[in-house]
Amino acid sequence: MPEAGPEQATQPHPSGEVAVLIARRVDPGYETQFEQWAQGILDAAAAFPGHLGYGLFRPAGLGEPWYLVHRFQDAEAYTRWHDSVERAAWFARADGHHQEVARRRLTGLEGWFPPDGSARVPARWKMTLTAVLGIFPLSLLTSTLLQPVLAPLPLLARTALVACLFSTLMSYAVMPALTRALRHWLSA
């Protein structure tokens, strides 16, 4: 299936950022190969100027799609990546056992909430409450366990370390676990 062009994939967020969520269905038995390919293409995109981050979300259930998320500082940065030789080379390496099934623009917290197959994005208040459920225990743990250890560091270093820790834990552990646990409530 041909990949969507940048004009079809996304429109700029009011901040100027562009985020795109790509769903790919993977043939059974090819999950490991796909994950290696996906990590490679995500890492390649991350090397491009203006790339702000990415995520790879495993399927919620058997036969459901995998989700790749890219964030760029603006439409020009996204277009540079989309039209690049590097991106084309990664698609030339694709083994044919996965295909794109959906692509959409994201705003705000939506990047932490991949669709459940219905392509419905949870209500903003539900996304906010879920994020609070994730941030609160991390804040409590940081205040009680890490702050005494980090106290000797300068304020900027301490804040940067906590921000990196929060972002990593929220993106790779807390939010994937919460969205799986709350998926029925989030999609209701």
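Here, each number is a calculation from the coordinates, and none is a lab measurement. Computed from a predicted model, the values in this text were never measured in an experiment. Glycine also receives a Cβ, built like all others from the backbone with ideal geometry; neighbour counts cover every protein chain displayed.
Some points to look at:
- Long-range HN-HN contacts of ALA102 with modeled amide H, under 5 Å: ALA23
- Across the range 124-187, Cα-Cα pairs farther apart than 16 Å form 50% of the total.
- Difference of contour (0.36 nm per residue) and Cα-Cα distance, GLN36 to THR142: 34.9 nm
- For the peptides 150-163, 47-60, the ranking by packing is 47-60, 150-163, with the highest mean count of neighbouring Cβ atoms within 10 Å listed first.
- Förster radius 22 Å - calculated FRET efficiency between ALA163 and LEU56 (Cβ-Cβ, nearest 0.05): 0.55
- A straight chain from LEU150 to ALA88 at 0.36 nm per residue would run longer than the Cα-Cα distance by 17.9 nm.
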